[in-house]
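Values in this text are rule-based calculations from the coordinates and carry no lab data. All of these numbers come straight from a predicted model, not from anything done at the bench. Glycine gets a Cβ as well: all are built from the backbone with ideal geometry, and neighbour counts include every protein chain shown.
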Amino acid sequence: MRYMTLASALLAATAMTAPASADDHLKIVDEPLELTIQMNHARYPRYKEDWPVEQEARALTNIHLVDTTVGSNLRTDENSGKTEALNLMLASGEIPDIVGSSRLKDFVNQYGPEGAFLPLNDLIEEHAPHLKAFFEERPEIKSAISAADGNMYYIPYLPDGKYGRAYFIRYDWLETLGLEVPENVDELKATLEAFRDQDPNGNGQKDEVPFFARQWPELIRLVTLWDGRSSGSDTYHDFYVDEGQLKHPYAGEGYREGIKNLAEWYAEGLIDAEIFTRGNSSREYLLSENLGGMTHDWFASTSGYNTSLQDKVNGFLFKAFAPPASISGKRIEEHRRIPIKPDGWAIGYTNEHPVETIKYFDFWFSEEGRRLANFGAEGQHYTMVDGEPKFTEEVLTSGEPVNSQLWAAGAQLQARGYYQDYDYEKQWSNEYALEGIALYDQGDYLIDQFLGVAFTVDEQKVYDKYWGSIRDYMLERQQAWILGNGDVEAEWDEYIAELEQRGLGEVLTVMQSAYERQYSDS
Ligand code: CA
C-alpha cells in the first residue's frame, strides 16, 4: 500500500519540474518511481520527503522515497531497545518497500530467512556494481552482516575513520608537578599518586580525582595494562577472538590480574570513588571544576574541552597520550570505531521493484551518492574546492554541531546504508583531536575487532538460555571486587567454576560454531 500526503505530492511535483540535470547517468528509471520507506531512528523518527538530500537524490535518480514510517511517535524510553518501531511495523502486517533503522541487523537476520525481507546477494551481483566492488574489497564485512543462511538482508551504515577513544591526561598538571607523560603502567600509577598527593590544581586541598570516566566500563578497560581484555568490539563486555578462538574477556588471567590491581588503585584513591555512579556528566563536572586528572574517552569531544574551558581553568591542557605499556610491554588501544554498524536499510518482501531498489541502494555507494550522503547538498552545505567537498563557512561557524545540521538535511543518516567519509568529520575536528589521532596513528596501537556472529535458531536458543545469567554474575563480581567486597585472587577458582555452572562453555561453543561458519571465507 502506498499513500501520498498533499505535501509530498507537491514536493514530488516540484522535483519533477526541476531543471533536468546536465547529465543523467545516475537515473535509475525514466519516469519517477515512488518507493515507500520506514525509517526510524532516535535522531530522525521518520523519513522526511523535504530533506534537501532526498530532493537531490530524487533529481539524480528519479526514485522518490515516500514516508510510511510506523512507530515514529514512540517515546525514547519505549524504543530503548531501538527495535520497537520495527516490531510495530511487523505487527501492522505491512512491510514498506524499504526499511531503514538503527539495530536492524539482528531483526532482518531473524525475519529475512523467514521471508519478510529480500536476500540481496544475487541482486547485488547482477545490478549493483558499486556495492559488489565494495564487498569484494571487504569480504569480512560481507561475512559480518550475513545471516546464518549465508544471505545478506541489509546494507549497513559503514563508519569511516579508525579512531574512537584515547587516554587523556592533564599535561598542565604534569608540568606543574615536573612530571613526564607516563610511558608504562608503573609510571602511570606514580603519576596518579602525584595527582592525588601533590595538589596539582593548587587550591591547597587534597580534592583531585586522579582517574575518572563517564562510562564506568572505561575503568575496567584499564585491565589491558595487565594484559587483560575488557571487550572485543565497540560494545562493552563483548566476546573477543584470540587466534581464531572465541573467548570472553572476563574469564582471562590478565583480567584477574588487572582487577586485582584496579581494586588496589580504587582503595588507594587513584580512581574516582564515585566511578560507578557519577555517570555521563562526570567529565564535564570534573574538568570544569579543575578536579579530574585522567580519563579514557572520545578524541573529538574530549579534545573540545581545551577550547571550551580555555577561559575558565587557567592553563588547562587535556591532551591524548599514548597507551601506557602493559606489564609485558604491550601498548594497545582496545577501543576503535567499528567498521560496520547493525544500522542500515533492507528491502521488504512485497517490494515490486527489487531491481530498481538495489540500484538505488547502489547509488549511495557511487561517488555522487556517497558525497550526498556525507556532505549534504552542494551549494547549501558544501562547495567543491580543488575537486573535494568543503563545508561552507556558514555550516562550520553556525554554532550548531555540523553533524546535527546534516541530520536535519537528511545526510549522515545511520538508518541509510552508506559508507561514511571520515573527511566529513575531519573538517570540523579541533587541532587537539587531530594531534592526538596523529599520535595514535604513528604508534599503530589499534587491535582487531570481533565483528559479531549471526546464530542459527538452535544456536540462538542456547545463547538466550545461558548468557544473561552469566553476564549478570560477571558484572556483579566485577564491581564487588573493585569496591573491595571480596578478593579476586582468593575467589577466582570459585568464580570460574560458577561461570561453567551457568553455561559459559555452551555459549562459547555456539559462538565458535557461528563464527567459523560466518568467517571461513574471509
Ligand atoms: Ca587540590
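Summary table below
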quantity	calculated
Point-charge dipole on Cβ atoms (K/R +1, D/E -1) for region 271-351, about Cα centre, debye to 20	320 debye
For the chain: relative contact order, % (alpha-carbon pairs under 8 angstrom, 6 or more apart)	21 percent
In Hz, Karplus ³J(HN,Hα) per residue of region 409-423 (6.51, -1.76, 1.60; θ = phi - 60°; x = Gly, Pro)	9, x, 9, 6, 7, 6, 8, 9, x, 7, 9, 5, 10, 4, 4
Set of region 234-273 residues, backbone N closer than 17 Å to the point 7 Å along the Cα-Cβ line of Thr509	246-248
Over region 262-320: Rg over Rh, Cα atoms, Kirkwood Rh	0.99
Charged-residue dipole, Cβ positions (Lys, Arg, Asp, Glu), the chain about Cα centre, Debye nearest 20	720 debye
Efficiency of FRET from Cβ geometry, Asp106 and Ser520, R₀ 25 Å, rounded to 0.05	0.75
Region 321-328 - phi-based ³J(HN,Hα) in whole Hz, Karplus 6.51/-1.76/1.60, Gly and Pro as x	10, 5, x, x, 5, 6, 4, 9
Cα-Cα pairs of region 327-370 separated by more than 17 Å (percent)	60 percent
Region 424-522: Rg to Rh, with Rh as the Kirkwood radius over Cα pairs	1.15
Sites Glu264 and Glu114, calculated FRET efficiency, Cβ-Cβ separation with R0 56 Å, nearest 0.05	0.60
Spin-label zone in region 460-480 - amide nitrogen under 18 Å from a point set 7 Å from the Cα of Gln501 along the C-beta vector	466-478, 480
Column: log10 I(q)/I(0), Debye, Cα scatterers of region 127-259, q = 0.12, 0.15, 0.20, 0.21 Å⁻¹	-0.70, -0.90, -1.22, -1.28
Structure-based [θ]222 nm, the chain - -39500 (n - 2.57) summed over DSSP H runs of at least 4, per residue, nearest 500	-12000 deg cm²/dmol
Percent of Cα pairs exceeding the 20 Å cut-off, where the set is region 196-302	45 percent
Chain lengthening between Gln442 and Glu378 when straightened (0.36 nm per residue, less Cα-Cα)	19.6 nm
Percent of beta bridges antiparallel (DSSP, the chain, rounded to nearest 5)	60 percent
Dipole in debye (nearest 20) - region 222-286, about Cα centre, beta carbon charges: Lys, Arg +1; Asp, Glu -1	120 debye
Of Lys260/Lys461; Lys162/Lys260; Lys105/Lys461; Lys319/Lys390, those spanning more than 24 Å from alpha-carbon to alpha-carbon	Lys260/Lys461; Lys162/Lys260; Lys319/Lys390
Amide H contacts under 5 Å for His64, placed H, 5+ residues apart	Leu33, Glu34, Leu35
Charge dipole of region 304-343 about the Cα centre (unit charges at C-beta), most positive-ward option of Ile327, Asn306, Pro339	Ile327
Highest-first arrangement of 179-189, 299-309, where packing means the average Cβ count within 10 Å	299-309, 179-189
Stretch gain in nm, segment Val457-Leu90, where the contour uses 0.36 nm per residue and the Cα spacing is subtracted	130.2 nm
FRET efficiency, Glu400 to Lys162 (Cβ-Cβ, R0 22 Å, nearest 0.05)	0.25
For region 366-405, alpha-carbon Rg relative to the globular expectation (2.2 N^0.38 Å, N residues)	1.13
Alpha-carbon radius of gyration plus Dmax, which is the widest Cα pair, for region 80-191 in Å	22.9, 68
Equivalent ellipsoid semi-axes, the chain, via Cα gyration tensor eigenvalues times 5, rooted, Å	43, 30, 19
Net length gained if the chain between Gln479 and Ser288 were fully extended (0.36 nm per residue, minus Cα distance)	66.0 nm
P(r) histogram, all alpha-carbon pairs of region 347-422 included - 5 Å bins from 0, percent	3, 15, 22, 22, 15, 10, 6, 4, 2, 0
